[in-house]
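Below is one structure, written out as structure tokens, with a few remarks after it.
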Amino acid sequence: MAKRDKLTHRQKRQVAQKQRQRLKKTDKPPELSDLSEARDGIIISRFGEQADVLSLGEHQQYRCFLRQNLGAPVPGDKVSFRLDPNNQGIVEAMYERNSVLTRPAQHQGVKPIVANIEQVFIVTAPLPDFSSVLLDRYLVAVNNAQLKATIIFNKWDLCAEISAQAIESQLPIYQSLGYPVLKTCAKNNLGINELSEKLKNSQSIFVGQSGVGKSSLINSLFPQQESLVNKVSENSRLGQHTTTASKLFFFEQNDGFIVDSPGVREFGLWHLEPEDIVSGFVEFQPYLSTCKFRDCSHINEPGCSIIQAVKDNKIYQQRWNNYCKILLAKDK
């Protein structure tokens, strides 16, 4: 069960109203007399009660403290902040978000990952082992956030691993559903130019499990950043966490940015309703209103149009299997 929010709906409205007042206010109250005039910025990365904020007017980065009850600022959030005489900042208010990608976190309820983005790049690889269930979990979350998804098959130089896991056969499944698919390899620069073009003038995020090479792709796109990377464990074949906090990177030659996010080995969807999970499988949509039973779960009911479509090879068996796994895991 998702953890309840600490603030009531009434308290949230009061906090939002106070932030709107701060955003409109031009005169500084007495308690802010030592601080600069308010300026707009964007959250680059967050560390507990502090965040790195890029000033949009001067393109200068500042470490800022966060006021309480701001609403969990994340990379991509546009904020209003002030500076003290030592250039230490304080974030006073957040602007309304255009979009937000969330995920459930143990003991933290539903947690925002990134704000104000347009597209999500889901990074997969043959090492750590490819998981179509995890990929489909991400696609459901992206669909529910009403964002565009692109799938990256990274480490495409690992030919033996790709063959052993039959990963090549996965490409047509997702391409037939309308998802753009890229093959990349940071080591030999495969697909990096094509990836860069897709990122141009857009606001995006890399997501995926630990070890798939998100930070290596960042290093290829931003050679001056030198993000930390780590090897996949040879024993467990699992990635090791190297990126501990999401971080936003601006492209100097255009208006786009990309956020590198910490890897996760699972991506829970227990905060979503069953109908949200169904809607995340885009190929199910034409059949939803034609099942025999109105409350059909599309798992084992007689007269289910989706099950029949699977039998008729109109829906991939793998995708339906993954849907069943995701829905049944939610109920546990």
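The values are calculated or read from the model by the stated rules, or taken from the named source; none is laboratory data. It should be emphasised that the depicted structure is a prediction, and the values quoted were computed from it without experimental measurement. All Cβ positions, even for glycine, are placed from backbone atoms using ideal geometry, and neighbour counts span all protein chains on display.
Odds and ends about this structure:
- Criterion applied to SER204, SER216 was being modelled with pLDDT of 95 or more, outside any loop (DSSP other than H, G, I, E, B) and assigned by TED's automatic domain parsing to the domain that holds SER132, and the one residue passing it is SER204.
- Test: residue in the range 178-186 that is farther than 30 Å from LYS330 by Cβ, loosely packed, with under 15 Cβ neighbours inside 10 Å and without any contact (Cβ under 8 Å) to a residue 60 or more places away in the chain: no
- Flag if GLY239 is assigned to a loop (DSSP other than H, G, I, E, B) and either touching a Phe, Trp or Tyr at 6+ places or on another chain (Cβ under 9 Å) or modelled with pLDDT of 90 or more (or both): no
- Residue ID - surrounded by the most Cβ atoms within 10 Å (Cβ to Cβ), chosen from residues in the range 66-81 that are assigned to a strand (DSSP E or B) and under 24 Å from the mean Cα position of the chain (by Cα): VAL79
- 1 or more residues touching a Ser or Thr at 6+ places or on another chain (Cβ under 6 Å) and modelled with pLDDT under 95: qualifying strands (runs of 3 or more DSSP E) within the range 82-177: 89-94, 109-115
- Within the set VAL120, VAL79, VAL100, VAL114, the sole residue that is more than 27 Å from GLU49 (Cβ to Cβ) and of a type in the set (Val, Ile, Thr) turns out to be VAL120.
- Where GLN106 falls short, out of the listed (1) in contact (Cβ under 8 Å) with a residue 40 or more places away in the chain; (2) out of contact with any Leu (no Cβ under 6 Å at 6 or more places or on another chain); (3) under 24 Å from ASN322 (Cα atoms): (1)
- The residues listed here are VAL123, VAL140; of these, the one that is assigned by TED's automatic domain parsing to the domain that holds VAL212 and within 11 Å of GLN209 (Cβ to Cβ) is VAL123.
- So ASP129, is it charged (D, E, K, R), surrounded by fewer than 20 Cβ atoms within 10 Å (Cβ to Cβ), closer than 25 Å to ILE326 by Cβ and touching a residue at least 12 places away in the same chain (Cβ under 8 Å): yes
- In the set GLY263, GLY256, GLY280, only one residue is on the phi < 0 side of the Ramachandran plot, among the small types (Gly, Ala, Ser) and in contact with a Gly (Cβ under 7 Å, 6 or more places away or on another chain); that residue is GLY263.
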